[in-house]
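Below is one structure, written out as structure tokens; comments come after it.
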Amino acid sequence: MGSDPIADTALLEQLARDVLERSCGAEVVASSESAWPEELWRALDTTGLTRVGVSEARGGAGGGWAEAAAILRTAARYAAPVPLAETSVLAGWALDEAAVELPGGPLTVARGDLRVERRRDGWILSGRADRVPWARESSWIVMFVDRRDTCLVAAVPSDRPRIVRSLNLAREPRDTVICDEIDLRDLPVAELESPTGLVSRGALVRAIQMSGALDRVLELTVEYASVRRQFGRAIAEFQAVQQELALLAGEAAAARAAADEAVSAVAAVTGTPSTRAAHTRREEVAAAKVRTGIAAYEGARIAHQLHGAIGITFEHQLHHFTSRLLSWREEYGNERRWATELGRLLAAMGGEGTWRRLVTAGDPVAP
Amino acid sequence: MTLARAAPSTHELGALRAEVRAFLAEARAAGAFIPRCDSWISGHDPEFSRELGRRGWIGRSWPARYGGRDRDELERYAITEELLAAGAPVAAHWFAQRQTGPLLLRHGTEAQRRRFLPAIAGGDCYFAILMSEPNAGSDLASVRTSAEPVAGGWRVTGRKVWTSHAHKSHFGVLLCRTGPPGERRHEGLSQLILDLHAPGVTIRPIRLLSGESHFSEVTLDGAFVPDDMLVGSIGNGWSQVLSELAFERSGPERFLSTMPLILEFIDAAGPDCAPETAETIGLLAAQLWTMRRMSMEIARALAAGDAPAARAALVKDIGTRFEQWSVEAIRRVAGREPAPESADRISSLLAQAIAASPTVTLRGGTSEILRGVVARELASR
Ligand SMILES: Cc1cc2nc3c(=O)[nH]c(=O)nc-3n(C[C@H](O)[C@H](O)[C@H](O)COP(=O)(O)OP(=O)(O)OC[C@H]3O[C@@H](n4cnc5c(N)ncnc54)[C@H](O)[C@@H]3O)c2cc1C
């Protein structure tokens, strides 16, 4: 892909599918806790799939939210155990905004109890950030330091802070990063306009990923119900099972629609960095995170119910998807957090204002 | 038949919505209606329907030669949403616009289109949907109402139930047997346009648990239907009904029935509402946004001539479960007792919504049947 602009999301999705089909089999996912899947990462990186959504001027592969979403959704269908979103639309985005060239290797983002102090001619970074995805494997960590109305971002090589290993439910790395007076003088530092940008983007990323994982969970469950036989027939022939399959299909379709809606809303915002910062489409993003979070639980519950005991074994691949669903619904704010924020935003608009906002979702916002 | 028409711009749609809203605000202020839940079935007002017709807001996407305005389907969708959210009385023309119009555009004769469509679009001619019978509910193919061929037409005999607004409509589309059922029971069914005022038609309104009567029992005792009132071809009734059901199941009325309550609740909440209230509003909105997208995708597919039966069934199942949930969620945090005719808006809207709640997952196909449709489609993927 290199410097070619990305023309077609369908082609991009196909490319991602091809790469993942070859390099992200169930055994790669199963062994990822003990072994970093270098080969998978390299396959994604050499095709440029790790850098979609970051401008070419900064060493990205170009493309926007629609393109990035197609790739992230596909990667989630394979439970790809690598920081794809973190490298591209989270860390890559922040560096892009800060006009910093993307370093090589996997990247991640850290935000939490971090602070900076001005000392003589530069900044000193201290504090800690919990649950940082793949900190242990990344080459650089983009630190987000919240200030009053802005946010300071600093790119730090991952050997500068101390890293304490930790996991999420899906046993993906979610490490603690401890910074003890890291000198930022020779490192890229910039000020971003929107201090809340990362959380919003992170929530959208997880919503997209949940919709992809749910598609896969539905596929696995429909397939299993058609081959598993009891009482002399496929369990899919029992009406009780059919009812549950239909509910699962509904949750997968709803998750997809919710994520798509937010992606088109966010993609419709164009213009300068400050127009973009002013129109984060936080309402649509909140709605997507809430709805996909609800679907994650319902979908995982039904899939496990229909798979019976085999589905709860480590051997079977179902849990790679269901446990990711249950982790991702927590990350960057769970349903309650986002529903409450969305509710407050709408309550301030009143009944009529809410209705107006509901029906203008996804309308273009230009400079 | 489909004309190449440009999709309206965001700006044009916004202007149309603003026009509809301004009209609704004025009508409300003038006392023409009081917003209510479920208004597409419970708010019957011919005067109001005629006014919408005069403004070109019924059948707007139909060809101009049939009384439509040749506009994009999205315009019709936008108008429908605005009317539902405002709780406006749209039941009189509802079924004719939603189902009969598209049915005649697909299967009707030229004479039928010229006769009925302009009257429907004018808000002047109302149709009832005569499908269900006492012994044919979910199992619709088992209908027993029969049409015997006679000189110049048919004589129809049988009994239909739960027919929404039959007692206030001019015509009905009657699903009946014109031949033997065949192996799969789907053969020998036809659709006829029945004049509800013809001799041999007896209509008895049925009282609902809320005390209202919006559906009826229709008894047919040898009523005459002329030849030219056959819709589509003889024996093709089943497949015609299936494509009609995609229109019936995927529209915004399958998730906006409680919108007047939801908007009133948000209005009363205000910016400093309690956390549980804010969370409830957020949960409502997140689901609304999602269903709207799903429903609009189907509206586009329908406008392009497809009949996505399983996706429509899925939207109806999710949408109507949402409607039921919305009433409970609001009731839990609103802190008022639901009371019919209460001066407190939320109390009376809650009372309406609670009374209508059990109907939403029955009418238009029960949830269990819809899930069966979805499961069959999944199995065939
Ligand atoms: C407000 C309202 C308006 C209506 N308006 C109209 C109208 O205008 N025109 C019209 O023709 N009809 C109308 N109906 C009728 C509606 O279409 C029927 O109620 C519906 O199809 C279900 O039929 P039934 O009520 O006979 O229930 P039944 O079919 O007897 O079902 C009873 C229960 O059994 C379940 N069940 C039945 N069969 C199965 C199965 N195979 N598998 C699993 N579960 C099953 C159902 O899901 C339901 O829970 C209206 C209904 C209502 C409530």
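The values are calculated or read from the model by the stated rules, or taken from the named source; none is laboratory data. Since we're looking at a predicted model, the values are computed, not measured. Glycine also receives a Cβ, built like all others from the backbone with ideal geometry; neighbour counts cover every protein chain displayed. Side chains are part of the model used for accessible areas, which takes the heavy atoms of the whole protein and leaves out ligands, DNA and RNA. Shrake-Rupley method; radii C 1.70, N 1.55, O 1.52, S 1.80 Å.
Can you tell me which of B:342, B:348 is touching a helix residue (DSSP H, G or I) at 6+ places or on another chain (Cβ under 9 Å) and more than 16 Å from the ligand (Cβ to nearest atom)?
One residue alone meets the criteria, B:342.
Do you know which residues across segment B:241-275 are facing another protein chain (nearest Cβ under 9 Å) and either over 22 Å from residue B:348 (Cβ atoms) or basic (Lys, Arg) (or both)?
Answer for segment B:241-275, where residues must be facing another protein chain (nearest Cβ under 9 Å) and either over 22 Å from residue B:348 (Cβ atoms) or basic (Lys, Arg) (or both): B:271, B:272, B:275.
For a quick check of your reading: which helices (runs of 4 or more DSSP H) sit entirely within segment A:26-89 and have at least 2 residues that are open to solvent by less than 30 Å² (accessible area, probe 1.4 Å) and touching a Cys at 6+ places or on another chain (Cβ under 9 Å)?
A:38-46
Given the residues B:379, B:375, B:307, B:355, which is the only one that is small (Gly, Ala, Ser), within 16 Å of the ligand (Cβ to nearest atom) and in contact (Cβ under 8 Å) with a residue 60 or more places away in the chain? Please lay out each step first, then the result.
On the way: B:379 fails: in contact (Cβ under 8 Å) with a residue 60 or more places away in the chain; B:375 fails: in contact (Cβ under 8 Å) with a residue 60 or more places away in the chain; B:307 fails: within 16 Å of the ligand (Cβ to nearest atom).
Just a single option satisfies the conditions, and that option is B:355.
Kindly list the number of the only condition in (1) more than 16 Å from the ligand (Cβ to nearest atom); (2) open to solvent by 10 Å² or more (accessible area, probe 1.4 Å); (3) more than 14 Å from chain A (Cβ to nearest Cβ) that fails for residue B:58.
(2)
Regarding segment A:353-367, can at least one residue be identified that is part of a helix (DSSP H, G or I), more than 25 Å from the chain's Cα centre (by Cα) and more than 14 Å from chain B (Cβ to nearest Cβ)?
No; the residues of segment A:353-367 include none that is part of a helix (DSSP H, G or I), more than 25 Å from the chain's Cα centre (by Cα) and more than 14 Å from chain B (Cβ to nearest Cβ).
When only residues in segment A:331-350 that are surrounded by fewer than 19 Cβ atoms within 10 Å (Cβ to Cβ) and without any contact (Cβ under 8 Å) to a residue 12 or more places away in the chain count, which is farthest from the other protein chains (Cβ to nearest Cβ)?
It comes out as A:349.
Got a sec? Which of B:215, B:265 is in the same structural domain as residue B:361 (by TED's automatic domain parsing) and of a type outside the set (S, T, N, Q)?
The conditions single out B:265.
When you check residue B:227 against the structure, is it surrounded by fewer than 24 Cβ atoms within 10 Å (Cβ to Cβ) and closer than 30 Å to residue B:111 by Cβ, yes or no?
yes
So residue A:181 clears everything in (1) touching a Ser or Thr at 6+ places or on another chain (Cβ under 6 Å); (2) within 30 Å of residue A:64 (Cβ to Cβ); (3) assigned to a strand (DSSP E or B) except one condition, right? Which one?
Result: residue A:181 fails condition (2) only.
For residues that are out of contact with any Lys or Arg (no Cβ under 8 Å at 6 or more places or on another chain), open to solvent by 10 Å² or more (accessible area, probe 1.4 Å) and assigned to a helix (DSSP H, G or I), tally how many sit in segment A:314-323.
Result for segment A:314-323: 2.
Just a yes or no: is a residue in segment A:215-229 over 22 Å from residue B:380 (Cβ atoms), open to solvent by less than 40 Å² (accessible area, probe 1.4 Å) and not basic (Lys, Arg)? Lay out the reasoning, then the answer.
Going through segment A:215-229, the residues over 22 Å from residue B:380 (Cβ atoms) turn out to be none.
No, every residue in segment A:215-229 fails to be over 22 Å from residue B:380 (Cβ atoms), open to solvent by less than 40 Å² (accessible area, probe 1.4 Å) and not basic (Lys, Arg).
Please state which of the following conditions residue A:298 fails to meet, knowing it meets all the rest: (1) farther than 21 Å from residue A:9 by Cα; (2) away from the ligand (no atom under 16 Å from the Cβ); (3) open to solvent by less than 50 Å² (accessible area, probe 1.4 Å); (4) in a helix (DSSP H, G or I).
Condition not satisfied by residue A:298: (3).
Here's a check for you: in segment B:153-185, which residue that is farther than 30 Å from residue B:45 by Cα and not in a strand (DSSP E or B) is nearest to the ligand (Cβ to nearest atom)?
B:185
For residue B:280, are the conditions met, namely being in contact (Cβ under 8 Å) with a residue 12 or more places away in the chain and buried (at least 18 other Cβ atoms within 10 Å of the Cβ)?
Judged against the criteria, residue B:280 is a match.
Looking for something more than 14 Å from chain B (Cβ to nearest Cβ) and open to solvent by less than 10 Å² (accessible area, probe 1.4 Å) - is there at least one such residue anywhere in segment A:276-294?
No, the conditions are met nowhere in segment A:276-294.
Would you pick out the residues in segment B:326-381 that are charged (D, E, K, R), within 12 Å of chain A (Cβ to nearest Cβ) and part of a helix (DSSP H, G or I)?
Residues satisfying the conditions are B:345, B:368, B:371, B:376, B:377.
For the structure I just gave you, tell me whether residue B:268 is touching a residue at least 24 places away in the same chain (Cβ under 8 Å), more than 30 Å from residue B:307 (Cα to Cα) and either surrounded by 21 or more Cβ atoms within 10 Å (Cβ to Cβ) or of a type in the set (A, V, I, L, M, F, W, C) (or both).
Yes; evaluated as a whole, the condition is true for this residue.
Could you list, in sequence order, the residues of segment B:156-205 that are of a type in the set (Val, Ile, Thr) and either under 19 Å from residue B:231 (Cβ atoms) or open to solvent by 30 Å² or more (accessible area, probe 1.4 Å) (or both)?
B:156, B:157, B:163, B:173, B:178, B:193, B:201, B:202, B:203
May I ask you to say which residue of B:117, B:103 is surrounded by 20 or more Cβ atoms within 10 Å (Cβ to Cβ), over 15 Å from residue B:195 (Cα atoms), away from the ligand (no atom under 16 Å from the Cβ) and away from chain A (no Cβ under 14 Å)?
B:117
Check whether at least one residue in segment B:134-152 is more than 20 Å from residue B:243 (Cα to Cα), within 12 Å of the ligand (Cβ to nearest atom), in contact (Cβ under 8 Å) with a residue 24 or more places away in the chain and away from every other protein chain (no Cβ under 14 Å), and report yes or no. Reasoning before the result, please.
Within segment B:134-152, the first condition is being more than 20 Å from residue B:243 (Cα to Cα), and the residues that meet it are B:134-135, B:144-152.
Subset that is within 12 Å of the ligand (Cβ to nearest atom): B:134-135, B:145.
Filter again for in contact (Cβ under 8 Å) with a residue 24 or more places away in the chain, leaving B:134, B:145.
Next, from what is left, pick out any that are away from every other protein chain (no Cβ under 14 Å): B:134, B:145.
Yes, segment B:134-152 contains a residue that is more than 20 Å from residue B:243 (Cα to Cα), within 12 Å of the ligand (Cβ to nearest atom), in contact (Cβ under 8 Å) with a residue 24 or more places away in the chain and away from every other protein chain (no Cβ under 14 Å).
Scan segment B:283-322 for residues that are away from chain A (no Cβ under 14 Å) and under 14 Å from residue B:250 (Cα atoms) and report the count.
4
Going by the structure shown, is residue A:264 touching a residue at least 40 places away in the same chain (Cβ under 8 Å), surrounded by fewer than 20 Cβ atoms within 10 Å (Cβ to Cβ) and within 12 Å of another protein chain (Cβ to nearest Cβ)?
Criteria met by residue A:264.
Determine whether residue A:256 is within 12 Å of chain B (Cβ to nearest Cβ) and either in contact with a Leu (Cβ under 6 Å, 6 or more places away or on another chain) or among the charged types (D, E, K, R) (or both).
yes
Cβ contacts < 7 Å: first residue under 16 Å from residue B:171 (Cα atoms), restricted to segment B:206-229; second residue part of a strand (DSSP E or B) and of a type in the set (Phe, Trp, Tyr), any location; separation 6+ or different chain. Result?
Correct list of pairs: B:215/B:162; B:225/B:154.
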